[in-house]
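Below you'll find the structure, written out as structure tokens, and then a few comments.
The values are calculated or read from the model by the stated rules, or taken from the named source; none is laboratory data. This one's a predicted model, so the numbers in the text were calculated from it and none came from an experiment. Cβ sites come from the backbone with ideal geometry, for glycine too, and all protein chains shown count toward neighbours. Ligands, DNA and RNA are stripped out before the accessible areas are found, and what is left, the full protein with its side chains, is counted by its heavy atoms. Shrake-Rupley method; radii C 1.70, N 1.55, O 1.52, S 1.80 Å.
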Number of protein chains: 2
Amino acid sequence: MILIKNIKYIDVEESIVKGPSDILIDGNRVKKIADNIEQAGAYVIDGADKLLMPGLFNTHNHVAMSVFRNYADDMELMDWLQNKIWPLESKLTAEDIYWASLLTFIELVKTGTTAFNDMYMFCERVFDAASEIGMRGLIARGMTNDAFNKEREANIRDMYEKYHQKDGLLRLAIAPHAIYTTGLDYLKSCIDLAKELDLIIHTHASETLTEVNNSYKEYRKSPIKIFKELGMFDQKTILAHCVHLSEEDMDIIAKNNALVSLNVSSNMKLASGIPDIKNMFVRGDKLSIGTDGASSNNMQNMFTEMRAVSLAAKARSLDPKVMSAGEVLKLATINPYKYIFDEDVNISEGSLADLILINLDNTNLKPQNNLISAMVYSMNGSEVDTTIINGKIIMENKKIKGIDEDLVVRKVEEIIKNI
Amino acid sequence: MILIKNIKYIDVEESIVKGPSDILIDGNRVKKIADNIEQAGAYVIDGADKLLMPGLFNTHNHVAMSVFRNYADDMELMDWLQNKIWPLESKLTAEDIYWASLLTFIELVKTGTTAFNDMYMFCERVFDAASEIGMRGLIARGMTNDAFNKEREANIRDMYEKYHQKDGLLRLAIAPHAIYTTGLDYLKSCIDLAKELDLIIHTHASETLTEVNNSYKEYRKSPIKIFKELGMFDQKTILAHCVHLSEEDMDIIAKNNALVSLNVSSNMKLASGIPDIKNMFVRGDKLSIGTDGASSNNMQNMFTEMRAVSLAAKARSLDPKVMSAGEVLKLATINPYKYIFDEDVNISEGSLADLILINLDNTNLKPQNNLISAMVYSMNGSEVDTTIINGKIIMENKKIKGIDEDLVVRKVEEIIKNI
């Protein structure tokens with residue numbers, strides 16, 4: 001058991017700061033919130049000058065792309081992919097994926113992210129890396145229509161047997177990469193596989209204007225409409241990007257079984273545009289936040305990304321009231337936990353113990369006029385002190401337990417040097 | 001003398017990383033860059049796993065507004081100003097300004113900013129606070145057309161005698177607040193005063209569409225054109241914001257004696273819009289970067305702001321090649337140092353020793369594929385280890401010398417509680 005004494009905490013649902021109280025964590029749940037809890041044998045954390053909040057859920061990522069961080073920037077998307085990223089990606093081994101995934105998980109945990117949604121390759125080793133850290137997450141092979149389809153499907157069935165529900169924290173998902181890399185038939189077979197195994201679907205959706213224009217040219221429909229017609233939303237679906245949506249697309253998402261992952265920094269950096277967050281939000285709160293991979297972001301910092309989402313929403317809509325700090329916190333925490341894992345992570349008795357402690361003794365958080373605003377607008381991420389996932393302390397005093405960070409860094413440096 | 005051993009450093013002018021070399025600082029200059037410098041009596045800093053770069057220049061700020069950080073967010077600009085900020089501002093004392101300025105200077109130094117440009121009030125105490133820290137900067141009273149004009153002019157002449165060129169680092173500037181708060185006659189008298197005392201002018205310019213529309217309505221001209229016609233650009237002028245410029249405005253700025261301060265985060269947060277950075281940049285490199293005050297940003301972190309400028313420029317122009325990392329570094333360092341202080345801060349023998357050391361032993365900067373990209377796209381600001389201003393170590397190992405940070409925080413907390 002973990003007992004956090006005298007701690008202020010954010011009720012994200014109500015958008016208020018509560019406490020200071022004592023909070024007792026038993027197993028993977030918040031068991032009790034009260035004044036002066038005594039619990040023999042509990043591991044005690046002093047909450048003075050700290051703030052507790054739910055952990056952040058990064059809902060779109062290519063975790064192992066940390067290896068390409070700052071490798072190629074300020075380029076056209078297709079030039080970047082075709083001439084820089086794809087040639088190197090094809091050389092990555094399963095072992096490379098393991099180390100590069102560890103590097104990202106370290107950065108995620110250090111900046112307060114407790115759950116992730118990955119789409120990449122050699123997923124077995126992503127499961128291994130996530131398990132070693134103790135992360136919660138969804139892991140999927142990015143599926144494109146090529147010669148390895150049969151092999152890949154067999155691999156997914158094999159992973160489903162061996163890895164799905166690993167540690168109770170990690171799940172397999174099905175990730176058709178995007179309409180422009182799957183085509184209709186293969187996309188349909190991915191959806192069928194997701195239905196058969198009852199897995200969540202994760203795909204890129206309407207990231208660029210080119211993608212959407214080509215979809216209209218080839219199919220006379222938007223990607224979102226195609227997804228709907230192919231039955232994608234019969235399964236839970238995470239739609240990454242959604243930068244270029246029609247009003248009809250937004251209506252479809254609002255009325256169907258889908259969660260949008262906003263990836264604002266990546267979209268801005270790749271000059272894809274800024275999503276119409278205000279008009280998605282007014283249709284109902286089906287939004288969440290992701291960083292995208294470190295090769296396009298180039299951070300894995302959800303605090304940076306929360307700020308980016310709020311600022312981008314306000315700038316695009318010219319409405320400063322859109323995406324208030326309290327609303328953004330929901331997107332980064334309780335929304336995706338509820339949708340993806342059917343879990344309540346809002347701090348209350350019985351809630352899931354995926355939690356982070358912020359050290360408030362940082363001048364950039366002073367004066368403490370409003371801690372909810374501070375979490376979204378003033379954090380750089382380095383103020384995260386302790387990260388708890390599933391009731392287990394993964395990081396304390398900024399030190400991740402059981403991980404040799406220097407070794408991980410050395411391994412990833414070797415990969416990019418030798419590739 | 002300071003001797004930094006075995007250090008990699010950024011040549012911002014050439015956009016390349018040089019070294020590792022030894023760098024000797026003598027007085028306020030880089031004296032020598034070579035292998036294996038020996039210098040008896042020099043204070044030695046080990047440069048292993050660190051990166052040296054010029055200090056960052058924050059070219060638009062209201063330094064003491066740190067007291068209002070996270071005090072009121074997600075509001076319409078005029079509602080925010082009239083109902084939240086202005087009523088409280090009117091109660092601030094000179095002593096309050098001193099402590100709140102210190103709080104901002106602490107955050108600036110910690111995140112690698114060595115020079116600032118302030119527009120606020122009780123400037124004597126801003127000079128005092130800056131001097132106590134050891135900052136370089138421009139300080140000005142925000143001037144609006146009200147009953148205190150005569151008094152204010154007398155105060156400026158007095159400050160000019162007592163504070164201008166204080167420590168050789170701090171200069172007085174003349175800051176007509178904005179066209180909509182000065183009107184033409186008073187603006188002209190501010191310009192005349194700047195000419196008489198030969199001071200730099202600092203003003204808000206075309207921040208919101210309302211401001212620009214009202215200017216056309218009242219004067220049939222844009223703010224920039226009015227500035228030009230009133231002779232503002234006879235003096236060096238720093239134009240903050242420039243979100244809503246016509247092509248003609250951009251031409252005027254390009255052909256005249258002016259430096260734009262981009263304040264992208266503040267503009268986005270207040271939903272003023274995103275400046276057309278690409279079209280300003282192609283006319284000639286007259287750009288720099290500022291955070292604006294902590295009440296609208298809500299950070300004082302120039303690393304966050306460099307990233308914001310690049311991403312905003314790319315997103316607005318839909319051109320990912322605009323504002324590359326190397327170009328952004330120029331905006332934040334050598335451009336404003338050259339324009340405002342006639343100083344060369346690009347690291348070379350004879351350059352001004354306003355320098356920062358980055359601790360590269362941070363997982364978010366790994367792998368080290370490109371350190372120039374990393375400085376703009378992957379930094380959260382907490383990686384700054386050492387800040388040197390005018391050849392003097394202001395911060396070392398993240399500790400600012402001679403400043404009681406806890407006392408400063410306590411004082412600012414008291415101000416906002418008691419106001």
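Observations on the model:
- The charge dipole of chain B, taken about its Cα centre with unit charges on the Cβ of Lys, Arg, Asp and Glu (plus for the first two, minus for the last two), comes to roughly 400 debye.
- Phi-based couplings in Hz for region B:352-358 (Karplus 6.51, -1.76, 1.60; Gly and Pro marked x): 5, 8, 9, 9, 10, 10, 9
- Inter-copy label distances at residue B:29 (7 Å, Cα→Cβ; nm, one decimal): 7.2
- A cut-off of 5 Å between modelled amide H atoms, ignoring neighbours fewer than 5 places along the same chain, links residue B:170 with B:137, B:165.
- Environment charge at residue B:230 (Cβ cut-off 13 Å; Lys +1, Arg +1, Asp -1, Glu -1): +1
- Taking the DSSP beta bridges with both ends in the protein assembly as shown, the antiparallel portion is around 45 percent.
- For chain A, the longest principal axis of the alpha carbon atoms and the long axis of helix A:94-110 meet at an angle near 40°.
- Scaled against 2.2 N^0.38 Å for its residue count N, the alpha carbon radius of gyration of region A:95-165 is 1.14.
- Rel. contact order, % - alpha carbon contacts under 8 angstrom, at least six apart, region B:281-419: 19 percent
- Measuring spread by the Cα atoms of chain A yields a radius of gyration and Dmax of 20.7, 67 Å.
- Applying 1/(1 + (r/R0)^6) with R0 = 51 Å to the Cβ-Cβ distance of residue A:210 and residue B:78 gives a FRET efficiency near 0.80.
- What separates the residue B:248 label point from its copies, with the point 7 Å along Cα to Cβ, is 4.4 nm, written shortest first.
- Positive-end ranking of B:318, B:358, B:303 along the dipole of region B:292-368, with charges on Cβ about the Cα centre, is headed by B:318.
- Other copies of residue A:404: label-to-label distances in nm, shortest first, labels 7 Å along the beta-carbon direction: 4.6
- Heavy-atom accessible surface of chain B, averaged per residue, reaches 33 Å², computed with a 1.4 Å probe.
- Between helix B:209-219 and chain B: long-axis angle, C-alpha atoms, 0 to 90°, nearest 10: 50 degrees
- Derived scalar couplings ³J(HN,Hα) [region B:126-131; Karplus, 6.51 cos²θ - 1.76 cosθ + 1.60; whole Hz; x for Gly, Pro]: 6, 4, 4, 5, 5, 5
- If both residues of a DSSP beta bridge must be in region A:56-341, then about 5% of such bridges are antiparallel.
- Within the listed set A:138, A:197, A:24, the Gaussian network model of chain A (springs between alpha-carbon atoms below 10 Å) gives the highest mean-square fluctuation for A:197.
- Helical contribution to [θ] at 222 nm, DSSP H n ≥ 4, -39,500 (n - 2.57), averaged over chain A, rounded to 500: -11000 deg cm²/dmol
- Relative contact order (%) - region A:66-224, alpha-carbon pairs under 8 angstrom, separation at least six: 16 percent
- Legend: residue pairs A:110/A:330; B:150/B:228; B:150/B:338; B:31/B:162; A:8/A:31; A:236/A:411, Cα-Cα distance threshold 27 Å; pairs beyond threshold, B:150/B:338; B:31/B:162; A:236/A:411.
- 5 angstrom amide H check on residue B:62, placed H, neighbours 5+ away: B:119, B:293, B:294
- Per-residue shielding of A:319-329, expressed as the average number of other chain Cβ atoms within 10 Å of the residue Cβ, stands at 3.
- Top of B:12, B:30, B:409 by mean-square fluctuation, Gaussian network on chain B, Cα under 10 Å: B:409
- Assigned charges on the beta-carbon of Lys, Arg, Asp, Glu; the protein assembly as shown dipole about Cα centre (debye): 560 debye
- Gap separating the Cα centres of region A:35-76 and region A:284-308, nearest whole Å: 13 Å
- Here the Debye sum runs over all C-alpha atoms of region A:359-419 as equal scatterers in vacuum, and log10 of I(q)/I(0) at q = 0.13 Å⁻¹ comes out as -0.56.
- Those residues of region B:121-154 whose amide nitrogen sits under 17 Å from the label point placed on residue B:342, 7 Å along Cα→Cβ: B:137-138
- GNM result for chain A, Cα springs below 10 Å: residue of A:157, A:125, A:307 fluctuating most strongly: A:157
- Derived scalar couplings between HN and Hα for region A:155-170 equal 4, 5, 4, 5, 4, 4, 5, 8, 10, 4, 6, 4, 6, x, 10, 10 Hz in order, rounded to whole Hz, by the Karplus curve 6.51 cos²θ - 1.76 cosθ + 1.60 (θ = phi - 60°), x for Gly and Pro.
- FRET E, pair residue A:282, residue A:189, Förster distance 35 Å, beta-carbon r, rounded to 0.05: 0.50
- Whole-Å distance, taken between Cα centres, linking region A:314-383 and region B:369-419: 24 Å
- Quotient of Cα Rg and 2.2 N^0.38 Å for the protein assembly as shown, N being how many residues it contains: 0.94
- When you restrict to C-alpha pairs under 8 Å that are six or more residues apart and normalise by the size of chain A, the relative contact order lands at 22 percent.
- In this structure, the amide hydrogen of residue B:32, modeled 1.01 Å from its nitrogen in the peptide plane, lies closer than 5 angstrom to those of B:24, counting only residues at least 5 positions away or on a different chain.
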